[in-house]
Amino acid sequence: MGIDIYNQQAATTEDPYMLILKLYEGLLKYLSFVENAIEAGNIEEKFDYVNRSIAIFDELRNILDFDGGDVAYYLDGLYLYQIETLFTAGVDNNLSAIAQVKKVVTGLIDAWKEETGL
């Protein structure tokens with residue numbers, strides 16, 4: 001309970017640009033866990049991390065500012081496509097599709113760092 005309160009307070013006081021970067025980095029971590037679970041044949045773990053990854057993409061979609069222009073609409077479509085790809089890749093044990101999502105997320109991290117100066 002106490003750790004949850006601490007995490008909520010830390011999240012509200014931290015730089016919002018850094019929080020988005022941490023979401024992207026969390027995605028990379030979870031996607032690696034998905035790959036490991038597929039390779040190990042661990043179905044339960046695979047879907048746990050697929051679901052966690054999808055939840056991060058959903059959160060990224062929820063914080064988009066559609067009043068800010070076309071970029072938000074582009075990102076929304078990109079995130080939705082990654083969610084669909086992840087779901088299908090999880091069902092099909094498609095490691096190359098997971099690798100493609102990781103490549104997209106890596107590109108997002110690079111672009112975010114360049115845009116925000118992080």
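The values are calculated or read from the model by the stated rules, or taken from the named source; none is laboratory data. Here the structure is a predicted model, which means the values were calculated and not measured. Backbone-built Cβ (ideal geometry, glycine too); neighbour counts: all protein chains shown. When the accessible area is computed, the model is the full protein with side chains, heavy atoms only, and any ligands, DNA or RNA have been set aside. Shrake-Rupley method; radii C 1.70, N 1.55, O 1.52, S 1.80 Å.
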Exactly one condition in (1) surrounded by fewer than 14 Cβ atoms within 10 Å (Cβ to Cβ); (2) farther than 18 Å from M18 by Cα; (3) in contact with a helix residue (DSSP H, G or I) (Cβ under 8 Å, 6 or more places away or on another chain) is false for V91; which is it? (3)
Kindly check whether there is at least one residue in region 41-52 that is surrounded by 14 or more Cβ atoms within 10 Å (Cβ to Cβ), without any contact (Cβ under 8 Å) to a residue 60 or more places away in the chain and small (G, A, S). no
All positions within region 95-104 that are open to solvent by less than 80 Å² (accessible area, probe 1.4 Å) and either in contact with an Asp or Glu (Cβ under 7 Å, 6 or more places away or on another chain) or without any contact (Cβ under 8 Å) to a residue 12 or more places away in the chain (or both): L95, I98
Count - residues of region 62-87 that are open to solvent by less than 70 Å² (accessible area, probe 1.4 Å) and part of a helix (DSSP H, G or I): 12
